[in-house]
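Asks: Below you'll find the structure I mean.
The values are calculated or read from the model by the stated rules, or taken from the named source; none is laboratory data. Note that this is a predicted model, so its numbers are computed, not measured. When we count neighbours, we look across all protein chains shown, and the Cβ atoms used for this are built from the backbone with ideal geometry, even at glycine. For accessibility, only protein heavy atoms count, side chains too; no ligands or nucleic acids. Shrake-Rupley method; radii C 1.70, N 1.55, O 1.52, S 1.80 Å.
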Amino acid sequence: GNSVTQMEGPVTLSEEAFLTINCTYTATGYPSLFWYVQYPGEGLQLLLKATKADDKGSNKGFEATYRKETTSFHLEKGSVQVSDSAVYFCALREAGSYQLTFGKGTKLSVIP
Amino acid sequence: GAGVSQTPSNKVTEKGKYVELRCDPISGHTALYWYRQSLGQGPEFLIYFQGTGAADDSGLPNDRFFAVRPEGSVSTLKIQRTERGDSAVYLCASSLLAGGRNEQFFGPGTRLTVL
């Protein structure tokens, strides 16, 4: 079956630090890959996505590249802000499916 | 416009009781999904509706769980004879259409606590 593994949290960074949250996946086909973010007290929001190998998704300064050879989709941001403090979820969806399979989430805290 | 709304935001019940959780999708969205998020875990798929019918209920853990969407809009997740292990955040999402190109928009969830 499909699965998503992402790095354990919590992660605490100082403002303007570089962020990487690792995500690897197992899937039988060619999935689409997603990063969702959950800010405190809010619902899950789509942050970025990539639908095929070597695609780069980007939004709000965050980037992730679909790496089929390493089955990875690591989230990066060059300079985090306090407002980036949230829980980040990596997810996949198999082609032709509608179910999202999520990782366990990584809590990020950015301190001034 | 309004996003996905879920009521109640919190529900505390006793073991063995019956609960109903409500989801109001974004207006015009034909597809609706329920997920369950246990503490420290990512959301797990429960059931998916296309219109009024449950197109896939393979994620429902057992026959105590049931969901309906009688008019193709609001959905209710029903849990009978609740158990402590049912405690979780229940998330609802909707999308304009089903399928790969349609983003799922999530509600804030209902936190269910079974004592």
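Asks: Considering only protein heavy atoms, what per residue accessible area in square angstrom results for chain B with a 1.4 angstrom probe?
Replies: Numbers: 5550 Å² over 115 residues.
Dividing the accessible area of chain B by its residue count gives 48 Å².
Asks: From the C-alpha gyration tensor of the protein assembly as shown, pull out the three semi-axes of the equivalent ellipsoid (sqrt of 5λ each), sorted largest to smallest, in whole Å. Don't jump to the answer; show the numbers that get you there.
Replies: Details: eigenvalues 175, 83, 51 Å².
For the protein assembly as shown, the semi-axes come out at 30, 20, 16 Å.
Asks: With an 8 Å Cα cut-off and a minimum separation of 6 or more residues, compute the relative contact order for region A:17-100 in percent.
Replies: On the way: 171 pairs, mean separation 32.2, N = 84.
Once divided by the residue count of region A:17-100, the mean separation gives 38 percent.
Asks: I'd like the accessible area for residue A:44, computed on protein heavy atoms only with a 1.4 Å probe and all protein chains in place. Round to 10 Å², please.
Replies: Surface accessible to solvent at residue A:44 totals approximately 10 Å².
Asks: Still on this structure: Could you name every residue in region B:1-44 that has 10 Å² or more less accessible surface in the full protein assembly than in its own chain alone (probe 1.4 Å, ligands and nucleic acids excluded)?
Replies: Residues losing area: B:33, B:35, B:37, B:40, B:41, B:42, B:43.
Asks: Ranked by accessible surface with a 1.4 Å probe, highest first, in what order do B:12, A:37 come? Walk me through the intermediate numbers first.
Replies: Numbers: B:12 95, A:37 0 Å².
So, going from the largest accessible area down, we get B:12, A:37.
Asks: Any chance you could look up the accessible area of residue A:109 with a 1.4 Å probe, heavy atoms only, rounded to 10 Å²?
Replies: Rounded to the nearest 10, the figure is 40 Å².
Asks: Let me ask you something else. Across chain A, where is the longest run that never hits trypsin sites (Lys or Arg not before Pro) in a DSSP loop with at most 15 other C-beta atoms within 10 Å?
Replies: Result, exposed sites excluded: A:1-51.
Asks: Next question. Which residues of region A:87-112 end up with at least 50 Å² less accessible area in the presence of all protein chains than when their chain stands alone, using a 1.4 Å probe?
Replies: Relative to the lone chain, where solvent access is computed with a 1.4 Å probe, region A:87-112 loses at least 50 Å² at A:93, A:98, A:99, A:100, A:102, A:104.
Asks: So what is the relative contact order for chain B, in percent, with contacts set as C-alpha pairs under 8 Å and at least six apart? Intermediate results must be reported in sequence, preceding the final value.
Replies: Values: 293 pairs, mean separation 41.8, N = 115.
That works out to 36 percent.
Asks: Another one. Just the number, please: buried accessible area between A and B, total of both chains, 1.4 angstrom probe, nearest 100 square angstrom. Mind showing how you got there, number by number?
Replies: Working: alone 6070 and 6270 Å², together 10850 Å².
It comes to approximately 1500 Å² buried between A and B.
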